[in-house]
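S.K.: Dropping the structure in here first, questions after.
Readers should treat all values here as calculations from the given coordinates under stated rules, not as data from a laboratory. Because the structure is a prediction, the values reported are computed rather than measured. Every residue, glycine as well, gets a Cβ built from its backbone with ideal geometry; the counts of neighbours run over all protein chains shown.
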Amino acid sequence: KQEVTQIPAALSVPEGENLVLNCSFTDSAIYNLQWFRQDPGKGLTSLLLIQSSQREQTSGRLNASLDKSSGRSTLYIAASQPGDSATYLCALSDLQGAQKLVFGQGTRLTINP
Amino acid sequence: GAVVSQHPSRVICKSGTSVKIECRSLDFQATTMFWYRQFPKQSLMLMATSNEGSKATYEQGVEKDKFLINHASLTLSTLTVTSAHPEDSSFYICSAPTRRTNTEAFFGQGTRLTVV
């Protein structure tokens with residue numbers, strides 16, 4: 001059974017810093033990996049999707065990498081801003097259920113002005 | 001991106017009553033939708049897969065008679081929490097896949113259910 005772990009559970013950094021959020025998973029037989037942002041009491045906003053054949057994806061200040069062999073993904077946020085404060089979730093879909101996601105517990109990020 | 005709309009965003013109900021949550025795909029057809037639940041400070045857990053025109057598939061430990069799912073059209077799935085109890089209070093959120101993208105999952109806004 002796939003297990004997804006995100007470390008750290010919470011992170012607080014000053015504005016402007018670059019930071020890395022980590023996601024690890026136990027089963028490398030994945031279809032894709034997706035990073036989401038969740039604001040308090042809100043739904044999920046998709047940030048980046050990495051197909052299993054890809055190594056990384058970039059969108060603006062965000063860069064996500066995928067290393068299936070080691071069971072790890074990272075989300076890199078450059079030049080952090082207070083508006084980046086949210087909970088970040090990584091989620092995996094397996095080879096059978098391309099849309100059925102297994103989520104990590106999330107990293108609660110706070111960017112201090 | 002594709003749009004998935006969920007309604008209501010918040011609902012408070014009395015213990016013992018039933019609550020219906022709707023999930024709509026606004027600009028695409030979805031033969032499959034997924035329902036997740038998120039307890040406070042925990043991650044999202046898949047509850048069930050909603051299949052248009054057929055019975056839903058429930059994950060282990062989810063009571064199908066308590067969480068009724070109906071997927072009567074290609075754009076609408078409903079989740080009904082029957083005989084709600086305080087322990088059913090949670091954040092419920094749906095997602096729908098679209099064939100136009102590379103299997104990217106799009107989520108509704110979620111429903112905060114509070115049972116008093």
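S.K.: Can you list the equivalent-ellipsoid semi-axes of the protein assembly as shown, largest first and in whole Å, using the square root of 5 times each Cα gyration tensor eigenvalue? Intermediate results must be reported in sequence, preceding the final value.
M.R.: Details: eigenvalues 175, 84, 50 Å².
Square roots of five times the eigenvalues give 30, 21, 16 Å.
S.K.: Can I ask one more? Just the projected area, averaged over all directions, of the convex hull on the alpha carbon atoms of region A:1-67: how many nm²? Can you show the working numbers first?
M.R.: Working: hull surface 22.6 nm².
Reported value for the Cα convex hull: 5.6 nm².
S.K.: For peptide A:37-49, what's the mean number of Cβ atoms from other chains within 10 Å of each residue's Cβ?
M.R.: Values: counts 0, 6, 0, 0, 6, 7, 13, 11, 3, 8, 0, 1, 5.
That works out to 5 on average.
S.K.: What percent does the relative contact order of chain A come to when contacts are Cα pairs within less than 8 Å and at least six residues apart?
M.R.: Details: 288 pairs, mean separation 41.5, N = 113.
Relative contact order here is 37 percent.
S.K.: Could you work out the relative contact order of chain B, using alpha carbon pairs under 8 angstrom and six or more residues apart, expressed as a whole percent? Before the final figure, lay out the partial values.
M.R.: Numbers: 289 pairs, mean separation 42.2, N = 116.
Worked out over chain B, it gives 36 percent.
S.K.: Could you calculate the FRET efficiency of B:H85 with A:A29 from 1/(1 + (r/R0)^6), where r is the beta carbon distance between them and R0 is 35 Å, rounded to 0.05?
M.R.: On the way: r = 38 Å, r/R0 = 1.07.
Calculated transfer efficiency: 0.40.
S.K.: Something else: Just how large is the dipole of chain A about the Cα centre, in debye to the nearest 20, putting +1 at every Lys and Arg Cβ and -1 at every Asp and Glu Cβ? All intermediate terms of the calculation are to be shown ahead of the outcome.
M.R.: Working: 9 positive and 9 negative charges, 38 e Å.
Once rounded to the nearest 20, the dipole reads 180 debye.
S.K.: Under 1.5 on a/c is rounded, so check that first for region B:53-114, then, if it is not, pick prolate when a/b is larger than b/c and oblate when it is not; a ≥ b ≥ c are the square roots of the alpha carbon gyration tensor eigenvalues. Each step should come with its number before you reach the end.
M.R.: Numbers: a/c = 2.15, a/b = 1.54, b/c = 1.39.
Prolate is the answer for region B:53-114, as a/c is 1.5 or above and a/b outweighs b/c.
S.K.: While we're on this one: In terms of Cα to Cα distance under 24 Å, which lysines are near enough to B:K64, apart from those fewer than 8 places away along the same chain?
M.R.: The qualifying lysines are A:K1, A:K100, B:K14, B:K20, B:K55.
S.K.: Using DSSP to define loop residues, name the GluC sites (Glu not before Pro) in region B:1-108 whose beta-carbon has at most 10 other beta-carbon atoms within 10 Å.
M.R.: Details: sites: B:E22, B:E52, B:E59, B:E63, B:E87, B:E104; in loops: B:E52, B:E59, B:E63, B:E104.
Those that pass, being in a loop and sparsely packed, are B:E63.
S.K.: First select every other residue whose beta carbon is under 9 angstrom from the beta carbon of B:A48; then total the charges, Lys and Arg +1, Asp and Glu -1. Each step should come with its number before you reach the end.
M.R.: Values: positive: B:K64; negative: B:E59.
Net charge around B:A48: 0.
S.K.: Which FRET efficiency, nearest 0.05, do B:N70 and B:T17 yield, Cβ-Cβ r, R0 25 Å?
M.R.: Values: r = 18 Å, r/R0 = 0.72.
Approximately 0.90, to the nearest 0.05.
S.K.: Can you tell which of B:K20, B:K55, B:K41 shows the greatest fluctuation in a Gaussian network model of chain B with Cα springs below 10 Å?
M.R.: Of B:K20, B:K55, B:K41, the most mobile in the Gaussian network model is B:K41.
S.K.: Which residue, A:A64, A:A91, A:A79, has the most motion in a Gaussian network model of chain A that connects Cα atoms within less than 10 Å?
M.R.: Result for chain A, Cα springs under 10 Å: A:A79 fluctuates most.
S.K.: With +1 assigned to the C-beta of every Lys and Arg and -1 to the C-beta of every Asp and Glu, and no other charges, what is the dipole magnitude of the protein assembly as shown about the Cα centre in debye, to the nearest 20? Write down the numbers at each step before the final one.
M.R.: Working: 21 positive and 18 negative charges, 65 e Å.
With Lys and Arg at +1 and Asp and Glu at -1, about 320 debye.
S.K.: Out of B:S43, A:L33, A:Q51, whose Cα points farthest toward the positive end of the dipole of the protein assembly as shown (charges: +1 Lys, Arg; -1 Asp, Glu; placed on Cβ)?
M.R.: After comparing all options, I get B:S43.
S.K.: Give me the one-decimal nm value for the distance between modelled label points at A:R61 and A:K1, 7 Å along each residue's Cα-to-Cβ direction.
M.R.: 3.8 nm
S.K.: Here's a follow-up. How big is the charge dipole of region B:1-65 about its Cα centre, in debye rounded to the nearest 20, if each Lys and Arg gets +1 on its Cβ and each Asp and Glu gets -1 on its Cβ?
M.R.: Values: 8 positive and 6 negative charges, 58 e Å.
So the dipole magnitude of region B:1-65 works out to roughly 280 debye.
S.K.: Please work out whether chain A counts as rounded, prolate or oblate from its C-alpha gyration tensor, where a ≥ b ≥ c are the square roots of the eigenvalues and a/c under 1.5 means rounded, while otherwise a/b larger than b/c means prolate and anything else oblate? If you can, show how the numbers build up before the last one.
M.R.: Numbers: a/c = 1.95, a/b = 1.69, b/c = 1.15.
The shape class here is prolate.
S.K.: Could you give the length gained by full extension between B:M45 and B:T114, i.e. 0.36 nm per residue of separation minus their alpha carbon distance, to one decimal place? Intermediate values should be presented prior to the final figure.
M.R.: Details: separation 69, 0.36 × 69 = 24.84 nm, distance 1.80 nm.
Extra length from B:M45 to B:T114 when fully extended: 23.0 nm.
S.K.: If you don't mind, there's one more thing I want to ask. Can you say what percent of the DSSP beta bridges in the protein assembly as shown, counting only those with both residues inside, are antiparallel? Round to 5. Before the final figure, lay out each step's value.
M.R.: Details: 76 of 85 bridges.
Taking every DSSP beta bridge within the protein assembly as shown, about 90 percent pair in antiparallel fashion.
S.K.: Take A:D94, project a point 7 Å from its Cα along the Cβ direction, then tell me which residues of region A:40-80 have their backbone nitrogen under 20 Å from it.
M.R.: Output list for this probe position: A:50-53, A:67-73.
S.K.: For the protein assembly as shown, can you list the cysteines whose C-beta has no other cysteine C-beta under 4.7 Å from it?
M.R.: So far as the 4.7 Å Cβ criterion goes, B:C13 stand without a partner in the protein assembly as shown.
S.K.: Cα atoms only: what Rg and Dmax, in Å, come out for region B:7-98?
M.R.: Over region B:7-98's Cα set, Rg and Dmax evaluate to 12.7, 36 Å.
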